[in-house]
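Engineer: Quick one: the structure is below, questions incoming.
The values are calculated or read from the model by the stated rules, or taken from the named source; none is laboratory data. Note that the structure is predicted; figures quoted are calculated from it, not measured. Note that we place each Cβ from the backbone using ideal geometry, even for glycine, and neighbour counts take in every protein chain shown. We work out accessible area using only protein heavy atoms, side chains counted, and drop any ligands, DNA or RNA first. Shrake-Rupley method; radii C 1.70, N 1.55, O 1.52, S 1.80 Å.
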Amino acid sequence: MTVINAIKFNHYSGAMVCDEERTLDLKRRLCTVDKIQNIVSDEILKEQNICAFLGNTGTLSYGHELQNRIRDHIIKEYEKEKKKFDGIPENFLTVGDIAEKAYSIMCDIKHRLIDEMLMGKFGFVTKDFIQGFYKKDDKKYEITTEEILKGAEECITWKKRDEFLDRVFINLSLIAGFDPENGFQMYRMSLPHGLSEPCTTFIQSEGSGTDACDLYFSELLRRKTQAQRREGIEPVEGIIALIEATNVSLRVNIGIGGYFNIVLMDMEKERPQERAIEINDNRSKLAMEIVDSMHTGFLTEENCKDLILRLIFLNNSFEKVHKNFFKASKKPGEMGKYLRGHK
Amino acid sequence: MALVNLLKFDRDSCALVSDEEYWHSRRRRILYGDFVQSLLPANIAEEFDLEVVYGASGVPNFAIDVVTRTRKELKNIYNSRGNLPESKKMYRTVDDVAQILLNNLQTAFRKRADARLEGLYGFNSDDLTRGFYEKEGVKIEIKQKSVKDSALGIAQTSKRGTPLDNFLEHQGLIVGWDKEKGIQAYYFNYEDFILYQSATDIDCIGKGKDVSQVILANFINRKHLDARRKGYDRAEGIIELIASGHEAQAHTHEIGGYFNIVYINGNGKNHRERYIEANNNTARVANEIAIAYKKGFLKKDDAFSLIKALIFQGKDYISVEENLFSNADDPVALDFILRGYKSDFTPENVELHEGIPIKAVTEDKKKEGAKK
């Protein structure tokens, strides 16, 4: 249970936001998850001006394996390319290529998990089921028993719902990133729907918090013309929208909590190390508070934008923004109480 | 789902704490629960020297159904004094009220099981017991084995299947005081339909009970037998009770919002003194005092006296809140902790700002607080 939101600001930049809560045994809350991971190395970012972050919602171990494998794959592919061209290649993968590969790894993990389960239960794996037989000690066994055929197919295709199969199938991923050929893009990959596709607008939400976020995003989109939607969204307005949607989700959805991880990508920055940054310390919590205070009427929109600009984009110190936050408040005393959880 | 925790202080006093979060359709967090409710109107409690509350976890609609039925029946019995049928007797003790509530719990369960059976098969659990039902004057035997098996499962409420069976999550604590036996508590769950008398000083039901039990057990385990027999300090007890709720909320889903703190004190002269509910901002400030004390921002004496003022002396929460921050070792850091900042990385070098409710302190103390 989680929420992962992504937004495109313009051709060169965008952002992602997620929470950090994990649910154990359907009841225990832990702020332990690092849900959005950089899947492109610093070397590739520097030499190819490509960046990509992947956020996974569903099973933690599944997402972790996916993130590690796609990152390893990209790094190895780049090493191969460098060897092949004996230097820095002219171009490398697009974000779309990365998304396709990520989906293929998602499927691969699914097949491995299902195969392990089938082997334990029936003594054969998916490919044996498809070909209709398996071999054991060089002896061929036809798979003909109706109940076994039905049981195996239900597992492979998720027709049967149980705890294990749900954990395998209920995984969705969101990739946001930039490549020089196509600019900033977002892709979603869904195992339950069996698809990998580019996102159709400048905002995308995945996870258990999606229903609440989508309500907020649909209001935002309603205010934008088609031309504006094509262009993207002004970065400060965009990050406020992303944080507020995640705030809404934190309030009304289950399994969302802790600090947000705010990932900013801006490929127009001169220094490669500034092109992709993550804000997940106290500044992230302060950003959540600033945006929340605007939406509850303690701050004007103008003040909120100014504070977020300074905190997130101009790298002002926490202390300075915090001071200005309370100074800008219409009712600092009441706002202080509200932020402490008072109604 | 709710959390309801109980701590008995001594023979005649106890307190309960509950939250207000419920997951609508098992996914939407809504703060609308009212999980601990008094069963007796003030005039009856006054006349009979009796206090009884019902704390319930599970689906709120079911709990409200049970509480409403029980209140109505208690009122009817009271109004029919001197004219009661043989099957009814006037209640005078917690035991009496608990029995009435148990009957209503069983009735509410049966009503839901019957509604399900009527919807699926057109007969109810009484028909199932006798093996036939009647429709338009025609007797129809219930013979199909699969129908009987399924209907028995529903009638005996033996398992949960769909969200329609949410009422089967119901658990309850009946807690009260009467002159004869002092504080008594009973535990109920749907699986066996009986009341268990609570034998210890603590009881926890609901989603976070595993966490709450650890907090309250740690408190109890620090006391030797003689101390337990004499009873616990009420302010300390309230703090531990709130802490048990707060920790459960921090670590468990489906617990949230403000706490409702119910304090029953049999030594009170009248209902008003015997039954005290602290909710709304009072409960929130009480929670903040407990957090501040547990995290080391408040000294024991200060924390206890703030709780006494807030819960037992009925002081207004605004003045107590100001005293909380004035007495805190580091009001700025406390403010951050109460706002949900991570305690290992509380922002430093932040000045005492206007949002912190400190009025009755000198400038020197403000500076001192800011320095820390």
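Engineer: For region A:191-228, which residues satisfy the criterion of being in a strand (DSSP E or B), in contact with a Ser or Thr (Cβ under 8 Å, 6 or more places away or on another chain) and either over 25 Å from A:His11 (Cβ atoms) or within 14 Å of chain B (Cβ to nearest Cβ) (or both)?
Structural biologist: Passing the criteria: only A:Gly207.
Yes/no per residue for (1) under 30 Å from A:Lys46 (Cα atoms); (2) among the acidic types (Asp, Glu); (3) at pLDDT 95 or above:
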position: A:Asn91; (1), (2), (3): yes, no, no
position: A:Asp97; (1), (2), (3): yes, yes, yes
position: A:Lys121; (1), (2), (3): no, no, no
position: A:Phe124; (1), (2), (3): no, no, yes
position: A:Glu146; (1), (2), (3): no, yes, no
position: A:Ala152; (1), (2), (3): no, no, no
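Engineer: Which ones in region A:306-330 are basic (Lys, Arg) and surrounded by 14 or more Cβ atoms within 10 Å (Cβ to Cβ)?
Structural biologist: A:Arg310, A:Lys323
Engineer: Oh, and also: Just to be sure I understand the filter: pairs with C-beta atoms under 7 Å, separated by 6 or more residues or on different chains, first member in region B:335-347 and closer than 15 Å to B:Glu247 by Cβ, second member open to solvent by 40 Å² or more (accessible area, probe 1.4 Å). Which pairs pass?
Structural biologist: What qualifies is B:Ile337/B:Lys295; B:Ile337/B:Ser343; B:Ser343/B:Lys295.
Engineer: Moving on to the next point. With among the β-branched types (Val, Ile, Thr), within 14 Å of another protein chain (Cβ to nearest Cβ) and buried (at least 17 other Cβ atoms within 10 Å of the Cβ) as the only criterion, which of A:Ile256, A:Ile233 stands out?
Structural biologist: Exactly one residue qualifies, and that residue is A:Ile256.
Engineer: Please work out which residue is nearest to B:Trp177 (Cα to Cα), limiting yourself to region B:12-32 and to residues that are buried (at least 22 other Cβ atoms within 10 Å of the Cβ) and under 10 Å from the mean Cα position of the chain (by Cα).
Structural biologist: Out of the qualifying residues, it is B:Ala15.
Engineer: Let me ask something additional. Only residues in region B:219-238 that are over 12 Å from B:Lys8 (Cβ atoms) and touching a residue at least 12 places away in the same chain (Cβ under 8 Å) count as the first member; pair them with residues that are crowded, with 16+ Cβ neighbours inside 10 Å and among the small types (Gly, Ala, Ser), Cβ under 6 angstrom, at least 6 apart or cross-chain, and list the lot.
Structural biologist: Close Cβ pairs (under 6 Å, with a partner that is crowded, with 16+ Cβ neighbours inside 10 Å and among the small types (Gly, Ala, Ser)) amount to B:Ile238/B:Ala15.
Engineer: Out of A:Tyr134, A:Tyr103, A:Tyr78, I need the residue that is in contact (Cβ under 8 Å) with a residue 40 or more places away in the chain and buried (at least 18 other Cβ atoms within 10 Å of the Cβ). Which one? Lay out the reasoning, then the answer.
Structural biologist: Values: A:Tyr134 fails: in contact (Cβ under 8 Å) with a residue 40 or more places away in the chain; A:Tyr78 fails: in contact (Cβ under 8 Å) with a residue 40 or more places away in the chain.
Going through A:Tyr134, A:Tyr103, A:Tyr78 in turn, the sole match is A:Tyr103.
Engineer: Further question: Just need a number here: residues in region B:178-211 that are farther than 30 Å from B:Thr107 by Cβ and in a helix (DSSP H, G or I).
Structural biologist: Number of matching residues: 2.
Here is a yes/no grid of residues against (1) within 11 Å of chain A (Cβ to nearest Cβ); (2) in contact with a Pro (Cβ under 6 Å, 6 or more places away or on another chain); (3) at pLDDT 95 or above:
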site: B:Asn280; (1), (2), (3): yes, no, no
site: B:Lys295; (1), (2), (3): no, no, yes
site: B:Ile311; (1), (2), (3): no, no, yes
site: B:Asn327; (1), (2), (3): no, no, yes
site: B:Leu334; (1), (2), (3): yes, no, yes
site: B:Pro347; (1), (2), (3): yes, no, no
site: B:Val350; (1), (2), (3): yes, no, no
site: B:Glu354; (1), (2), (3): yes, yes, no
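Engineer: Kindly indicate whether any position in region A:91-111 is in contact with a Gly (Cβ under 9 Å, 6 or more places away or on another chain) and among the charged types (D, E, K, R).
Structural biologist: no
Engineer: If you don't mind, there's one more thing I want to ask. Any chance you could count how many residues in region B:263-294 are surrounded by fewer than 20 Cβ atoms within 10 Å (Cβ to Cβ), touching a helix residue (DSSP H, G or I) at 6+ places or on another chain (Cβ under 6 Å) and over 19 Å from B:Ser13 (Cβ atoms)?
Structural biologist: Residues meeting the conditions: 2.
Engineer: Among the listed residues B:Tyr196, B:Tyr232, B:Tyr186, which satisfies the condition of being closer than 18 Å to B:Val52 by Cα, buried (at least 19 other Cβ atoms within 10 Å of the Cβ) and more than 14 Å from every other protein chain (Cβ to nearest Cβ)?
Structural biologist: When all the criteria are applied, what remains is B:Tyr186.
Residues are listed down the side, and each one gets a yes or a no for (1) closer than 15 Å to B:Asp65 by Cβ; (2) surrounded by 15 or more Cβ atoms within 10 Å (Cβ to Cβ); (3) free of Cβ contacts under 8 Å to residues at least 40 places away in the same chain:
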{"position": "B:Met90", "(1), (2), (3)": "no, no, yes"}
{"position": "B:Val97", "(1), (2), (3)": "no, yes, no"}
{"position": "B:Glu118", "(1), (2), (3)": "no, no, yes"}
{"position": "B:Gly122", "(1), (2), (3)": "no, no, yes"}
{"position": "B:Asp127", "(1), (2), (3)": "no, yes, yes"}
{"position": "B:Gly131", "(1), (2), (3)": "no, no, yes"}
{"position": "B:Val138", "(1), (2), (3)": "no, no, yes"}
{"position": "B:Glu141", "(1), (2), (3)": "no, no, yes"}
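Engineer: Give me the pairs, please: first residue somewhere in region A:218-235 and under 12 Å from A:Ile203 (Cβ atoms), second residue anywhere and open to solvent by 80 Å² or more (accessible area, probe 1.4 Å), beta-carbon distance under 7 Å, and either six or more positions apart or on two chains.
Structural biologist: Filtered contacts from region A:218-235: A:Leu221/A:Arg229.
Engineer: Scan region B:290-313 and tell me whether some residue there is under 22 Å from A:Asn282 (Cα atoms), of a type in the set (A, V, I, L, M, F, W, C), in a loop (DSSP other than H, G, I, E, B) and out of contact with any strand residue (DSSP E or B) (no Cβ under 9 Å at 6 or more places or on another chain). First the steps, then the outcome.
Structural biologist: Taking region B:290-313 first, the residues under 22 Å from A:Asn282 (Cα atoms) are B:291-292, B:295-297.
Checking which are of a type in the set (A, V, I, L, M, F, W, C) leaves us with B:291-292, B:297.
Remaining after also requiring in a loop (DSSP other than H, G, I, E, B): B:297.
Then drop every residue that is not out of contact with any strand residue (DSSP E or B) (no Cβ under 9 Å at 6 or more places or on another chain), which leaves B:297.
Scanning region B:290-313 turns up at least one residue that is under 22 Å from A:Asn282 (Cα atoms), of a type in the set (A, V, I, L, M, F, W, C), in a loop (DSSP other than H, G, I, E, B) and out of contact with any strand residue (DSSP E or B) (no Cβ under 9 Å at 6 or more places or on another chain).
Engineer: Confirm whether B:Leu6 is within 16 Å of B:Gln171 (Cα to Cα), aliphatic (A, V, I, L, M) and buried (at least 19 other Cβ atoms within 10 Å of the Cβ).
Structural biologist: Spelling it out, B:Leu6 is indeed within 16 Å of B:Gln171 (Cα to Cα), aliphatic (A, V, I, L, M) and buried (at least 19 other Cβ atoms within 10 Å of the Cβ).
Engineer: Still on this structure, I have one more. Here are some residues: B:Lys72, B:Lys143. Which one is modelled with pLDDT of 95 or more and either under 23 Å from B:Leu195 (Cα atoms) or outside the structural domain of B:Ala45 (by TED's automatic domain parsing) (or both)?
Structural biologist: The match here is B:Lys72.
Engineer: Give me the pairs, please: first residue somewhere in region B:291-310 and under 12 Å from B:Phe325 (Cα atoms), second residue anywhere and open to solvent by 50 Å² or more (accessible area, probe 1.4 Å) and among the aromatic types (Phe, Trp, Tyr), beta-carbon distance under 7 Å, and either six or more positions apart or on two chains.
Structural biologist: Note: pairs meeting the criteria are B:Ala303/B:Tyr293.
Engineer: When B:Asn260 is evaluated against the numbered criteria (1) within 14 Å of chain A (Cβ to nearest Cβ); (2) open to solvent by less than 10 Å² (accessible area, probe 1.4 Å); (3) not charged (D, E, K, R), which criterion, by number, is the only one it fails?
Structural biologist: With (1) within 14 Å of chain A (Cβ to nearest Cβ); (2) open to solvent by less than 10 Å² (accessible area, probe 1.4 Å); (3) not charged (D, E, K, R) applied to B:Asn260, the lone miss is (2).
Yes or no, residue by residue, for (1) at pLDDT below 95; (2) over 19 Å from A:Tyr187 (Cα atoms):
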position	(1), (2)
A:Gly207	yes, no
A:Ile240	no, yes
A:Ser249	yes, yes
A:Ile254	yes, yes
A:Gly257	yes, yes
A:Leu264	no, no
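Engineer: Tell me which helices (runs of 4 or more DSSP H) are completely within region A:282-343 and hold 1 or more residues being within 11 Å of another protein chain (Cβ to nearest Cβ), or say none if there are none. It would help to see each step written out before you state the result.
Structural biologist: Values: elements: A:282-295, A:301-308, A:318-328, A:332-339.
In region A:282-343, the matching helices (runs of 4 or more DSSP H) lie at A:282-295, A:318-328, A:332-339.
Engineer: Another question, then. Just for region A:20-79: of the residues that are on the phi > 0 side of the Ramachandran plot and away from chain B (no Cβ under 14 Å), which one is modelled with the highest pLDDT?
Structural biologist: A:Asn49
Engineer: Determine, yes or no, whether A:Ile262 is open to solvent by less than 10 Å² (accessible area, probe 1.4 Å), out of contact with any strand residue (DSSP E or B) (no Cβ under 8 Å at 6 or more places or on another chain) and under 19 Å from A:Cys213 (Cβ atoms).
Structural biologist: Numbers: open to solvent by less than 10 Å² (accessible area, probe 1.4 Å): yes; out of contact with any strand residue (DSSP E or B) (no Cβ under 8 Å at 6 or more places or on another chain): no; under 19 Å from A:Cys213 (Cβ atoms): yes.
Here the answer is no, as A:Ile262 does not meet what is asked.
Engineer: Scan (1) in a helix (DSSP H, G or I); (2) within 14 Å of chain B (Cβ to nearest Cβ); (3) within 29 Å of A:Ile50 (Cβ to Cβ) for the single condition A:Leu250 breaks and write down its number.
Structural biologist: (3)
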